[in-house]
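To keep things clear, I will list the structure first and then write my remarks on it.
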Amino acid sequence: MISGLDDVVAAETILSDVDGQAGRLIIRGHSLDDLVDHSTYEDVLALLWEGLFSDSPSADEMVVLLGEARRKVFEHLKSADTQLVGQPTLDAVRSLVARLPDGDDIDSALQLVAAPAVFTPGILRLQSGRAPVRPSASLSNAADMLHMLRGELPTPEQTAALDRYLVTASDHGLNASTFAARVVASTRAGLASATLAAISALKGPLHGGAPGPVLDTLDNIGTAEHAIEWLQRALDKGERLMGFGHRVYRVRDPRADAVKEAIQRLAGVGRVDPKRLRLAEAVETAALQLLARKKPDRPLQTNLEFYTALLLEALGFPREAFTCVFAAC
Ligand code: ACO
């Protein structure tokens, strides 16, 4: 039986190609493996936007323009009243995005890319009674996001780790949030309208809302020896194991390894709790074993969100903000 958009050509794109059988992701002609090792987020953004605007910026120009866009959107945090700040983090960020210009030019696009990077740390700080930190336009998007989160400059390793995540999740074919955005954009509504649809689709726990619940799973399991029993009980109750399975991939999601590499590099400089990483690896092994047994005909492998949860936790983001960081990609 055909379900969802299986075998339906809903759109064509030059941006990325997802090969679900081989587990390969190609972004604008470059393999993900190549991009994560050799490109920054700003490089990839310039690549993705090449030819889409009459004045598409080069990678060097992108660093400057994105820095200016962060400064511009920061001003909207002043309008965040108590009611807005009291909302769940993603809802508050989405409400602020709704205040941005709904144009279709490059300035609108830059502000929409900058918005979650600025609003996420800004709202988190307001929620904990602290003043937002002004963006520093000379930093990269990844470095500035961490700077605005903590009020101090991140280490080069932390910046590289977040940058690698932003590159990894920058584009991925016609996933649910991209599809939602494209439906809205096809009506010629503005870019802010399309982005709001995308953020709303991203919010769901089966899509961009998965990494927070991944950490809940680790916390609930507690220690490696409880993994099999806890996960089996969850499956028996008909629950889904967060961070596993994918609509397109029938093999391991290549983005899971790209992000895991970032965690291992951070762990190498002592920035990841080794006990937490060992627990995650044990839970992953147990989950894959149980899923293979439960669904022998339906390969259910680790997806992007499993190690994303660990990475964002190690970088200091609270789990309620993980989906907002995804929206910044
Ligand atoms: N845990 C347990 N069972 C699962 C899981 C899982 N993680 N994923 C799929 N299944 C089961 C389903 O229950 C279903 O079983 P059934 O036929 O007995 O009803 C079968 O596998 C097929 O499930 P579908 O929902 O049809 O598969 P689909 O490919 O549409 O779902 C999805 C993909 C939504 C990602 C799913 O695997 C899932 O819910 N995963 C957990 C949430 C998650 O990690 N989401 C992040 C995805 S990556 C991203 O969005 C960036």
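Name the residues in the range 77-99 that are part of a loop (DSSP other than H, G, I, E, B) and aliphatic (A, V, I, L, M), would you?
Across the range 77-99, the qualifying residues are Ala80, Ala98.
Can you list the helices (runs of 4 or more DSSP H) found entirely within the range 142-221 that contain at least 1 residues being within 16 Å of the ligand (Cβ to nearest atom) and among the small types (Gly, Ala, Ser)?
Output list reads 176-185, 191-202, 211-221.
Name the residues in the range 177-200 that are under 20 Å from Ala321 (Cβ atoms) and open to solvent by 30 Å² or more (accessible area, probe 1.4 Å), would you?
Thr195, Leu196, Ser200
Determine which member of the set Ala292, Ala267 is of a type in the set (A, V, I, L, M, F, W, C) and over 27 Å from Arg247 (Cα atoms).
Checking each option against the conditions leaves just Ala267.
Take the residues in the range 4-57 that are hydroxyl-bearing (Ser, Thr, Tyr) and free of Cβ contacts under 8 Å to residues at least 24 places away in the same chain; name whichever of them is most open to solvent (accessible area, probe 1.4 Å).
Once the filter is applied, the top-ranked residue is Ser54.
Residue-wise test of (1) open to solvent by less than 60 Å² (accessible area, probe 1.4 Å); (2) within 11 Å of the ligand (Cβ to nearest atom); (3) over 20 Å from Leu35 (Cα atoms).
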site: Glu229; (1), (2), (3): no, no, yes
site: Leu241; (1), (2), (3): yes, yes, yes
site: Asp257; (1), (2), (3): no, no, no
site: Arg265; (1), (2), (3): no, no, no
site: Val269; (1), (2), (3): no, no, yes
site: Pro274; (1), (2), (3): no, no, yes
site: Leu279; (1), (2), (3): yes, no, yes
site: Glu284; (1), (2), (3): yes, no, yes
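Go over the candidates Glu320, Glu305, Glu313 one by one and state the one that is within 25 Å of Gly122 (Cα to Cα), within 11 Å of the ligand (Cβ to nearest atom) and among the acidic types (Asp, Glu).
Unique residue meeting the criteria: Glu305.
Could you grab me the full set of residues in the range 270-284 that are closer than 17 Å to Leu241 by Cα and in contact (Cβ under 8 Å) with a residue 12 or more places away in the chain?
Leu279, Ala280, Ala282, Val283, Glu284
Using beta carbons and a limit of 6 Å, which pairs, at least six apart or on different chains, have the first residue in the range 124-140 and farther than 25 Å from Val63 by Cα and the second one not in a loop (DSSP other than H, G, I, E, B)?
Qualifying pairs under 6 Å: Leu126/Val85; Gln127/Val85.
The values are calculated or read from the model by the stated rules, or taken from the named source; none is laboratory data. Since the structure is predicted, the reported quantities are computational estimates derived from the model, not experimental observations. Virtual Cβ from ideal backbone geometry, glycine too; neighbours counted across all protein chains shown. The area values use the complete protein model at the heavy-atom level, side chains included, leaving out ligands, DNA and RNA. Shrake-Rupley method; radii C 1.70, N 1.55, O 1.52, S 1.80 Å.
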